[in-house]
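Asks: To start, I am sharing the structure in question, which I have written as structure tokens.
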Amino acid sequence: MEDLQQLLINRMYSTVVTGKGLDDILAPIAEKYRDLPVTFQVQCLTQNNYYHFSALNVDSAYNELIAEFIQFNPFPKLLQSVSSDQLVYSERFLSQQQLEQNEFYNNVLKGRDNLNRSRGFHLHRQGSDVALAAVTMPARFQGTEDEELCNLLERIQPHYQNAFSLFLKLEAQKRNVDQHTFWLEQIPSAAFILDHGFHIALSNQKGRTLLQKSRFLYADRSNNLATNHRMYTNNLENLLLQCRTQKVPVGPFPLGCETPTQPLISYVPLTVLEQDTNDVEPFLKNWSPVLAVILDPTDHPVSKEVLIQKIWGATNREADIAQMLIRGFSLKETASTLNMSYNTARNHIAGLTSKADMKSQSELISSLTATLSRMPETVRAPTPTD
């Protein structure tokens with residue numbers, strides 16, 4: 001089981017850094033437990049709307065049934081009852097009697113080996129939208145098998161969440177990338193292959209640009225990744241040592257103090273990538289090559305208004321109002337500045353508060369401020385004292 005755990009952890013990070021889809025990350029579990037449907041899904045918990053759904057160990061007929069009755073699936077909503085670091089045991093929240101009254105169970109699960117329990121966990125949650133992974137089990141799946149699988153899921157959960165977090169950060173920084181260029185250039189953040197020690201064997205364009213412009217990171221005369229910041233040095237060395245000695249992916253972790261604008265570092269042993277791309281083979285002959293990815297939270301190509309629209313689904317007007325509230329204007333001042341009535345402005349911000357699944361305007365503005373503090377100001381914004 002430890003070998004399966006390590007295989008899964010390696011697979012998670014290698015899938016993310018090579019830009020492959022997330023649907024098959026848990027394929028090793030599906031191969032070991034061929035009777036258990038294994039799913040990855042992104043959905044709205046409050047309305048049970050699915051943005052993405054993929055399942056392993058199911059045939060096309062079963063997939064069609066899932067698609068037809070998926071809005072009645074009772075299991076995902078159970079995630080609302082637990083914290084993000086917990087594994088959900090569905091039977092603790094949903095009795096067999098309650099399950100038997102459910103359309104999804106009667107039309108989908110019951111006819112397939114009487115599937116009646118689920119184990120799942122959060123990968124990421126934003127408002128009422130959640131990404132999750134789950135395994136569904138039949139009534140006969142009990143005892144040692146059940147216990148071993150649950151223990152495995154609990155151990156890989158934090159790694160899967162970290163890998164998914166890295167995936168989101170890389171996706172947020174994507175530019176127009178030529179998919180036919182060398183795979184290192186397809187990583188949308190500063191990336192380096194360190195073949196031994198901190199020696200840079202290869203870097204992508206973002207990596208070269210970072211070393212030219214950074215105040216703290218540079219390439220020394222021997223082309224080693226170096227820093228003049230003591231805390232950065234300690235973190236770079238300790239994390240790289242952990243990655244090489246344990247032969248496991250590490251990060252992303254802050255290079256210095258944990259602040260919203262602090263660069264993040266992630267290391268992945270190239271042996272993890274060996275089965276995923278032939279392009280890394282030249283670096284696997286000697287030494288202990290590692291892929292280092294440095295993420296800059298301030299490196300974002302769009303304005304804050306556009307970010308509010310993209311992240312929270314705001315309209316142009318809602319984004320304008322939210323930006324002014326963040327800058328310290330009152331709702332009355334905002335309405336006057338934007339040439340609208342107070343009630344119209346209030347309705348707009350109430351709509352955005354609802355979209356973001358926040359309880360109040362103050363909670364919304366606090367959340368927006370915390371998120372946008374990671375992004376640099378593109379232009380100077382007016383303040384109430386101007």
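Asks: State all residues of the range 1-56 that are surrounded by 15 or more Cβ atoms within 10 Å (Cβ to Cβ), under 19 Å from the mean Cα position of the chain (by Cα) and part of a loop (DSSP other than H, G, I, E, B); if no residue qualifies, say none.
Replies: Passing the criteria: 18, 19, 22, 23, 24, 25, 26, 45.
Asks: Also, quick follow-up: Regarding residue 153, is this residue under 18 Å from the mean Cα position of the chain (by Cα), modelled with pLDDT under 90 and of a type in the set (A, V, I, L, M, F, W, C)?
Replies: So residue 153 does not fit the description; no.
Asks: Got a sec? Which of 125, 155, 140 is outside any strand (DSSP E or B), touching a residue at least 40 places away in the same chain (Cβ under 8 Å) and surrounded by fewer than 18 Cβ atoms within 10 Å (Cβ to Cβ)?
Replies: 155
Asks: Name the residue, out of 165, 118, 81, that is surrounded by fewer than 16 Cβ atoms within 10 Å (Cβ to Cβ) and within 29 Å of the chain's Cα centre (by Cα).
Replies: 81
Asks: Condition first: part of a helix (DSSP H, G or I), at pLDDT 80 or above, of a type in the set (Val, Ile, Thr) and surrounded by fewer than 22 Cβ atoms within 10 Å (Cβ to Cβ). Now tell me which residues in the range 288-333 satisfy that.
Replies: Matches in the range 288-333: 326 only.
Asks: Kindly indicate whether residue 353 is more than 23 Å from residue 127 (Cα to Cα) and not small (Gly, Ala, Ser).
Replies: In short, no.
Asks: When you scan the range 266-287, do you find a residue that is surrounded by fewer than 21 Cβ atoms within 10 Å (Cβ to Cβ), in a strand (DSSP E or B) and at pLDDT 75 or above, even just one?
Replies: no
Asks: Further, regarding this structure: Can you tell me which residue in the range 179-221 is surrounded by the fewest Cβ atoms within 10 Å (Cβ to Cβ), limited to those that are more than 25 Å from residue 168 (Cβ to Cβ) and among the acidic types (Asp, Glu)?
Replies: So the residue we want is 220.
Asks: So in the range 84-110, with the set limited to residues that are assigned to a loop (DSSP other than H, G, I, E, B) and in contact (Cβ under 8 Å) with a residue 60 or more places away in the chain, which one is farthest from the chain's Cα centre (by Cα)?
Replies: My answer is 87.
Asks: Tell me which of these residue 231 doesn't satisfy, since it passes every other one: (1) modelled with pLDDT under 85; (2) assigned by TED's automatic domain parsing to the domain that holds residue 266; (3) part of a loop (DSSP other than H, G, I, E, B).
Replies: Single failed check for residue 231: (3).
Asks: Follow-up question, since we're still on this one. Counting only residues that are in a loop (DSSP other than H, G, I, E, B) and at pLDDT 85 or above, which one in the range 57-82 is farthest from residue 126 (Cα to Cα)?
Replies: Only one residue fits best here, namely 59.
Asks: In the list 240, 225, which residue meets the criterion of being at pLDDT 90 or above, over 21 Å from the mean Cα position of the chain (by Cα), surrounded by 14 or more Cβ atoms within 10 Å (Cβ to Cβ) and not in a helix (DSSP H, G or I)?
Replies: On inspection, the qualifying residue turns out to be 225.
The values are calculated or read from the model by the stated rules, or taken from the named source; none is laboratory data. The structure displayed is predicted, hence computed values, not measured ones. Backbone-built Cβ (ideal geometry, glycine too); neighbour counts: all protein chains shown.
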